[in-house]
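Notes follow the structure.
The values are calculated or read from the model by the stated rules, or taken from the named source; none is laboratory data. Remember, it's a predicted structure, so these values are computed and weren't measured experimentally. Cβ: placed from backbone, ideal geometry, glycine included. Neighbour counts: every protein chain shown. These accessible areas exclude ligands, DNA and RNA; they are computed on the full protein's heavy atoms, side chains included. Shrake-Rupley method; radii C 1.70, N 1.55, O 1.52, S 1.80 Å.
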Amino acid sequence: MSEQLLPGYIIRRGSLLERSLLLKFMQRTYQDLFPNEDFSHLEQTVKQYFSSDTPLWWVEEEGEQGSRGAGEQGSNKKSLSSAPLPLCPSAPHPPIACLWVGNAIDQVHGNRHAHIFILYVVPEHRRRGIGTALMRYVENWAIQRGDRQIGLQVFQSNKPALNLYNQLGYQTQSLWMVKFLSAEK
């Protein structure tokens with residue numbers, strides 16, 4: 001079942017059969033930020049976390065439905081290369097955005113809440129309000145299921161995403177710190 005997200009765009013719930021397409025969107029997301037890296041390891045993330053408890057939504061141009069499930073291509077190894085790929089080459093009208101949400105536990109209060117794994121809009125459709133509409137969509141979904149907050153992770157270098165989240169009222173609650181270790185002593 002789909003519904004209008006914005007004029008010209010519909011949103012529909014994804015299925016577990018679209019695992020390969022989700023993986024392609026995830027790889028494309030990270031390749032946009034880190035073009036020289038290999039993101040084949042994201043296949044394990046999808047295997048581990050993608051389930052009926054972690055909803056996925058696709059955005060398509062209105063009137064261009066019919067690609068449902070077309071992204072499922074089994075274990076097509078070509079989709080795991082580090083070069084940017086067409087997101088769904090076999091579909092006549094591929095999705096132009098996706099939103100994948102999981103569950104997290106607030107470590108201070110112990111409440112379950114939505115956690116955004118990925119929000120991605122293909123470059124040709126950016127700056128049209130799709131990201132904002134998706135964020136509002138997931139906020140309404142989370143409120144309806146009783147969540148009191150939404151969490152997400154964003155890279156400091158991703159200024160467009162940071163601007164979007166700040167404009168929507170998201171605030172930094174914690175900092176994720178990393179120290180790279182070497183085997184040398």
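Pairs are defined by a Cβ separation below 7 Å, a sequence spacing of at least 6 or placement on different chains, a first member in the range 2-27 that is of a type in the set (Lys, Arg), and a second member that is assigned to a helix (DSSP H, G or I); the pairs so defined are Arg19/Val46; Lys24/Ser79. Residue check: Ile143 meets all listed conditions (1) at pLDDT 95 or above; (2) open to solvent by less than 80 Å² (accessible area, probe 1.4 Å) but one, namely (2). Of all the listed residues (Leu181, Leu162, Leu168, Leu175), the sole one being under 17 Å from the mean Cα position of the chain (by Cα) and free of Cβ contacts under 8 Å to residues at least 40 places away in the same chain is Leu162. So, in the range 149-159, of the ones that are without any contact (Cβ under 8 Å) to a residue 40 or more places away in the chain and over 17 Å from Pro55 (Cα atoms), which residue ends up least open to solvent (accessible area, probe 1.4 Å)? Result: Val154. Asp106 meets the conditions (1) open to solvent by less than 20 Å² (accessible area, probe 1.4 Å); (2) touching a Phe, Trp or Tyr at 6+ places or on another chain (Cβ under 8 Å) in every case but one. The failed one is (2).
Within the range 13-26, can you find the residues that are of a type in the set (Gly, Ala, Ser) and in a helix (DSSP H, G or I)? Across the range 13-26, the qualifying residue is only Ser20.
Looking at the range 16-50 only, could you name the residues that are open to solvent by 40 Å² or more (accessible area, probe 1.4 Å), within 24 Å of Glu60 (Cα to Cα) and of a type in the set (Asp, Glu)? Asp32, Glu43, listed by residue number. Within the range 164-185, if we keep just the residues that are assigned to a helix (DSSP H, G or I) and not aromatic (Phe, Trp, Tyr), the residue that is most open to solvent (accessible area, probe 1.4 Å) turns out to be Gln167. Of all residues in the range 111-124, none satisfies the criterion of being surrounded by fewer than 17 Cβ atoms within 10 Å (Cβ to Cβ) and within 15 Å of Ile11 (Cβ to Cβ).
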